[in-house]
Amino acid sequence: MKKVILFSVLFVSSFLFSQTDYSSVSQLPDYVVLKKKMKLDDVVTKADTPAEFPGGMDNFRRQFAEKMDIIDVKSNSIDTRVYFIVEKTGYVRSVAATGSDKKHSDAAEAAVRRLFVKWKPATINGEPVRYLYTFPLTLKKKLN
């Protein structure tokens, strides 16, 4: 029960979640780590139409939160970046997370992998492309 309450406080207190624009994959702050974990050939970070989760990003946030494991957080704040590739088919194939807390990064990766949902793929000139989606996941303890 203690972990559920802690996670709820953390989750509700601060949850930032958005696509960050980078003009090139190589400009990503975690590029060195990502190129070891993911196949980044022909991946784009900008498209005419970005990849879309069915029901929008609010629905993605809700489903992500439902799939995220509850972890025991020892620090006052966690800053994790989650990256995943939405393939031309609309399915997520590669997921990587980086951050200060390994357990939190692993839980965030697992949550994205558990979402077996087909996205609307990103397009450039009307053609589907491999799209690297990135978002920050920041949790802060509420101090009394």
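Values in this text are rule-based calculations from the coordinates and carry no lab data. Predicted, not measured: the structure shown is a model, and the values here were computed from it. Reconstructed Cβ throughout: ideal geometry from the backbone, glycine too, with neighbour counts over all protein chains shown.
One table, with the values for the structure above:
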read-out	value
Potential extension, R113-I70 segment - 0.36 nm per residue separation minus Cα distance	13.9 nm
Cα-Cα over 24 Å, subset of K46/K103; K36/K120; K46/K102; K36/K67; K46/K67; K67/K102	K46/K103; K36/K120; K46/K102; K36/K67; K46/K67
Segments 44-50, 54-60 sorted - mean Cβ within 10 Å per residue, highest first	44-50, 54-60
Cβ-based net charge around V92, under 10 Å, with every Lys or Arg adding one and every Asp or Glu removing one	+2
Estimated Rh, the range 47-134: Kirkwood, alpha-carbon pairs, angstrom	13.7 Å
Amide H contacts under 5 Å for V44, placed H, 5+ residues apart	R130, Y131, L132
Relative packing of 80-93, 110-123, which averages over residues the other C-beta atoms within 10 Å, highest first	80-93, 110-123
